[in-house]
Each structure stands twice: as structure tokens, then as C-alpha cells.
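The values are calculated or read from the model by the stated rules, or taken from the named source; none is laboratory data. No experiment lies behind these values; they were computed from the predicted model shown. Cβ sites come from the backbone with ideal geometry, for glycine too, and all protein chains shown count toward neighbours.
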Amino acid sequence: MLNSLRPILKKILEPIAKKIGINPNIITLISLLIAILSAISIGTSHKLLGAVLILLSGFFDVLDGETARYHNKTSKFGAILDSTMDRFSDAVIVLGFIYVGYIDWFIGVLAIHAGFMVSYIRSSSEAKGISNDVGIAERAVRLIILMASLLVGIIDTTYIQFVVVFLVISSYFTVVQRLIHSWKHGR
């Protein structure tokens with residue numbers, strides 16, 4: 001869904017990646033650290049700061065890949081590390097929502113599970129040779145929805161749960177979209 005933005009992101013990120021002299025895997029770990037700081041901010045009712053830190057974590061998550069490509073330091077391990085840290089980041093952010101009571105624990109568990117399943121079906125498909133980045137709730141969209149819920153929550157926190165329920169539904173819908181795509185292309 002956001003793949004159409006990749007050329008624009010490349011124009012923004014490539015000059016930054018050019019100046020970065022550290023290993024892209026370090027940038028991946030920085031992204032996770034910022035996600036943890038976001039979860040702490042959310043868990044202590046600092047909604048705006050939490051939203052800004054989610055955005056910053058996402059920025060570093062995109063920057064690590066661009067840096068790896070620019071400096072020709074892509075690796076299978078780097079891809080695995082990035083994907084793994086993305087799952088940790090996603091989970092810890094949602095745990096911040098649960099901890100502070102913005103969402104019911106069950107909704108939080110579903111949000112984490114649904115996000116994991118969206119990523120799992122893609123990686124499972126790609127391991128079988130099927131490109132599978134279809135769907136309405138890829139990771140960037142899920143992070144945007146979480147940021148939006150925090151921004152809406154500045155006005156009234158009762159709306160946060162409704163936005164996260166929407167996130168859960170759209171994520172499971174994406175799982176179905178990706179399963180159908182895999183079925184069509186994997187027979």
C-alpha cells in the first residue's frame with residue numbers, strides 16, 4: 001500500500017544514509033530502543049511524545065535498510081534482525097497501551113497477534129517464492145493507526161480502544177488478503 005512512497009522516501013533517506021558511517025544493524029537496534037521509549041511514554045500517559053517516538057522509530061526502521069543498501073552492507077542476518085526487532089517494537093508499543101489502560105489486555109493481545117500474523121504470512125510466502133506485500137494493514141499503516149489513536153486520545157482516551165479495534169480488524173483482514181494472494185500464486 002505504501003510502496004508507492006518508496007521513491008520519495010529514497011530521495012529523502014539516501015542523502016542521510018550516505019552520511020551514516022555505522023553498521024545498519026546498529027540503526028535497527030536504535031529503532032527498537034526508540035520503540036521502547038515510546039512504550040514507556042505511552043505507559044506514563046505521554047500520548048504526544050509516544051506518537052512522536054513511534055514515528056521516529058519507524059523512521060530509523062526505514063533508514064537502516066536504506067543505509068544497508070547504499071553502503072552495500074545488506075545481509076541475510078541484517079534482514080532477519082530487522083524483521084525480529086520490528087516484531088519486538090510492535091509488541092512493546094502495544095504493551096504500553098495495555099499497561100496504561102488505554103486498551104483492554106485482550107484487544108492488546110489481538111493487536112500483537114494480528115501484527116505478527118501479517119508479517120508471518122508475508123515471510124512464509126516469500127520463503128516459498130511468492131512475493132506477498134498485498135493488504136491494507138502493512139506495518140507502516142499499523143504504526144500510523146497507533147499514532148493516530150494516541151493523537152485522538154489527547155482529546156479523549158476512550159476513543160483509543162476503538163481505533164485499536166479497527167487496527168485489529170484491518171490487520172486480520174490483511175492476513176486474509178495475503179492468504180488469498182498466496183493461494184492464487186502458490187497452487
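Can you find a residue that is closer than 30 Å to Tyr99 by Cα and either of a type in the set (D, E, K, R) or touching a helix residue (DSSP H, G or I) at 6+ places or on another chain (Cβ under 8 Å) (or both) anywhere in segment 3-24? For segment 3-24, residues closer than 30 Å to Tyr99 by Cα and either of a type in the set (D, E, K, R) or touching a helix residue (DSSP H, G or I) at 6+ places or on another chain (Cβ under 8 Å) (or both): absent.
Which of the numbered conditions does Ile98 fail, given that it passes all the others? Conditions: (1) crowded, with 20+ Cβ neighbours inside 10 Å; (2) in contact (Cβ under 8 Å) with a residue 60 or more places away in the chain. Against the list (1) crowded, with 20+ Cβ neighbours inside 10 Å; (2) in contact (Cβ under 8 Å) with a residue 60 or more places away in the chain, Ile98 comes up short only on (2).
Taking the listed residues Leu55, Leu9, Leu48, Leu13, the one that is among the hydrophobic types (A, V, I, L, M, F, W, C) and under 15 Å from the mean Cα position of the chain (by Cα) is Leu55, with no other qualifying.
Just one of the listed residues (Phe97, Phe116) is under 16 Å from the mean Cα position of the chain (by Cα), assigned to a helix (DSSP H, G or I), within 30 Å of His185 (Cβ to Cβ) and modelled with pLDDT of 95 or more, namely Phe116. Close contacts from segment 114-129, counting a first residue that is without any contact (Cβ under 8 Å) to a residue 24 or more places away in the chain and a second that is of a type in the set (Phe, Trp, Tyr) and surrounded by fewer than 15 Cβ atoms within 10 Å (Cβ to Cβ), with Cβ to Cβ under 9 Å and a gap of 6+ residues or different chains, come to none at all.
Among the residues of segment 129-187, those that are farther than 17 Å from Gly58 by Cβ, of a type in the set (Gly, Ala, Ser) and not in a loop (DSSP other than H, G, I, E, B) comprise Gly153, Ser170, Ser182.
Restricted to segment 119-136, and to residues there that are hydrophobic (A, V, I, L, M, F, W, C) and over 16 Å from the mean Cα position of the chain (by Cα), the residue that is surrounded by the fewest Cβ atoms within 10 Å (Cβ to Cβ) is Ala127. Counting only helices (runs of 4 or more DSSP H) that sit wholly inside segment 1-81, those with at least 3 residues that are of a type in the set (Ser, Thr, Tyr) are 24-43, 47-70. Inspect all residues belonging to segment 157-164 and state whether any of them is within 26 Å of Thr84 (Cβ to Cβ) and crowded, with 16+ Cβ neighbours inside 10 Å. The answer is yes; a qualifying residue exists. For the condition buried (at least 16 other Cβ atoms within 10 Å of the Cβ) and within 24 Å of Ile145 (Cβ to Cβ), Ser45 does not qualify. Checked across segment 137-153, the condition of being over 24 Å from Met85 (Cβ atoms), surrounded by 15 or more Cβ atoms within 10 Å (Cβ to Cβ) and free of Cβ contacts under 8 Å to residues at least 60 places away in the same chain holds for at least one residue.
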